[in-house]
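The structure appears right after this line, and notes come after that.
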Amino acid sequence: MAEIVLGLGTSHAPSLHHGPERWDGGKRDMSNPAGGGMKMDLDIDAMIKERESWIPKQLTFDVRKQRYDSAWAAINRLSDVYREVSPDVFVVIGDDTHEVFMPEEHIPAFDVFWGKNLPYMPHSSRVGPDQLVLRDLEGEPDLGQHLVKSLLASGFDVSSTRKVPEGRYIGHAFDFVYGCILREEVGPHVPLWLNTYYPPNQPTLRRCHELGRELRRAIESWDSDKRVAVIATGGMSHLVLDEEMDRTLLGAMQEKDEERLATAYPESAFTYGTSEIRNWIVLAGAMADGSAEMNLLAYEPMYRSPAGTGCGCAFAYWR
């Protein structure tokens, strides 16, 4: 039977692709883009006033650079750990922001890819125009199909995809893993898409943790001697950064506390970019029944504006 040999979680914030000298006081944040083609209704003036006593120290260049450097040290360590373990195949959990799934067509709560080839182009936030070259990545159809059948048998009505529609390709969440963690050396793998962003069918936090537990059972029941890594990408809190929430949830993951993960905050807190924490909770569920402990390499609150916008960035592995 297959064996899970590594769990890995990483944020994929745009701030990680641009040095702190380019964080421009959060001008884009202040115009309320929430990501994924959505808008947030924020009272920016009120947010600035609420934070005026402490936020200036968070926005100095030295603090921003220290956090940026710490984040990249953690990313590089994750990359090294992946190479040290050298799994045969990986499952990567991420969200889609109208890159493969279109709102007028189909947005599944959970979708497993079980095709042989996956179209991929590096994201423009990470690479220059000359590197925007479309190519195929290698899927793992046998594992993907097994996950679909096993999850269905355990009560998860997952959607499945064998071929991405013409003119589309896997999105920015996965690109960060391919480019920054795997350094473009992408082997056989199975993408698992979660609808974190778009109402009305986002899965609850508890359901995400349950999915992770069943994902582990499904992987371990695969009739193969291959060694498998499970990777989650996204989060933590953003566009509005909430350090207390991030630290609470990361602590619950370290302690394998399912109840705290599911109930510490209301579902309404997990909207827009913060919704991507669901990807981490699936991973936490997948690692909950194993012996591996969570090693939190870094958590960096990367503030960009006096309104407290930015992204809480976390990097961890289970081994």
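Could you please give the count of residues in the stretch 5-38 that are at pLDDT 70 or above, open to solvent by 20 Å² or more (accessible area, probe 1.4 Å) and part of a strand (DSSP E or B)? Steps first, please.
Going through the stretch 5-38, the residues at pLDDT 70 or above turn out to be 5-23.
Keeping just the survivors that are open to solvent by 20 Å² or more (accessible area, probe 1.4 Å) gives 5, 14, 17-18, 21-22.
Then keep just the ones that are part of a strand (DSSP E or B); that gives 5.
Qualifying residue count, the stretch 5-38: 1.
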Filter the stretch 78-136 for residues that are among the hydrophobic types (A, V, I, L, M, F, W, C) and free of Cβ contacts under 8 Å to residues at least 24 places away in the same chain; which is least open to solvent (accessible area, probe 1.4 Å)? Met102
Residue by residue through the stretch 62-118, note down the ones that are part of a loop (DSSP other than H, G, I, E, B), touching a Gly at 6+ places or on another chain (Cβ under 6 Å) and either within 17 Å of Val282 (Cβ to Cβ) or of a type in the set (Lys, Arg) (or both). Asp96, Lys116
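Out of Met1, Met47, I need the residue that is part of a loop (DSSP other than H, G, I, E, B) and either modelled with pLDDT of 85 or more or within 19 Å of Phe270 (Cα to Cα) (or both). Which one?
On the way: Met47 fails: part of a loop (DSSP other than H, G, I, E, B).
Exactly one of Met1, Met47 is part of a loop (DSSP other than H, G, I, E, B) and either modelled with pLDDT of 85 or more or within 19 Å of Phe270 (Cα to Cα) (or both), namely Met1.
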Residues that are farther than 30 Å from Trp54 by Cα and either of a type in the set (Lys, Arg) or under 19 Å from the mean Cα position of the chain (by Cα) (or both): find the strands (runs of 3 or more DSSP E) completely inside the stretch 150-264 holding 2 or more of those. 189-194, 227-233
Give the stretch 177-208 a look and list any residue that's among the aromatic types (Phe, Trp, Tyr) and at pLDDT below 95, or say none. Tyr197, Tyr198
How many residues are more than 20 Å from the chain's Cα centre (by Cα), within 21 Å of His209 (Cα to Cα) and of a type in the set (A, V, I, L, M) if we restrict to the stretch 133-149? 2
Answer residue from the stretch 280-312, given it is in contact (Cβ under 8 Å) with a residue 60 or more places away in the chain, of a type outside the set (A, V, I, L, M, F, W, C) and assigned to a loop (DSSP other than H, G, I, E, B) and is most open to solvent (accessible area, probe 1.4 Å) among those: Asp289
With the first residue restricted to the stretch 264-279 and required to be more than 16 Å from Gly171 (Cβ to Cβ), and the second required to be of a type in the set (Lys, Arg), Cβ contacts under 8 Å at 6 or more apart or on different chains are Phe270/Arg278
Would you check if there is a residue in the stretch 205-219 being surrounded by fewer than 18 Cβ atoms within 10 Å (Cβ to Cβ) and touching a residue at least 12 places away in the same chain (Cβ under 8 Å)? yes
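Return the residue satisfying two criteria in turn: it lies in the stretch 265-279 and is more than 12 Å from the chain's Cα centre (by Cα) and outside any loop (DSSP other than H, G, I, E, B), and of such residues it is modelled with the lowest pLDDT.
The initial filter retains those residues of the stretch 265-279 that are more than 12 Å from the chain's Cα centre (by Cα), namely 265-272.
Within this subset, residues satisfying the condition of being outside any loop (DSSP other than H, G, I, E, B) are 267-269, 272.
On the way: Glu267: 96, Ser268: 94, Ala269: 95, Tyr272: 88.
Among residues in the stretch 265-279 that are more than 12 Å from the chain's Cα centre (by Cα) and outside any loop (DSSP other than H, G, I, E, B), the one modelled with the lowest pLDDT is Tyr272.
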Residue within the stretch 64-75 that is over 18 Å from the mean Cα position of the chain (by Cα), at pLDDT 95 or above and of a type in the set (S, T, N, Q) present: yes
Considering the stretch 290-318, residues that are modelled with pLDDT of 95 or more and of a type in the set (D, E, K, R), and then whichever is farthest from Trp54 (Cα to Cα), we arrive at Glu293
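The values are calculated or read from the model by the stated rules, or taken from the named source; none is laboratory data. Quick caveat, the model's predicted, so the values are computed rather than measured. Here Cβ is always computed from backbone atoms with ideal geometry, including for glycine, and neighbour counts include all displayed protein chains. Ligands, DNA and RNA are excluded from the accessible area calculation, which covers all protein heavy atoms including side chains. Shrake-Rupley method; radii C 1.70, N 1.55, O 1.52, S 1.80 Å.
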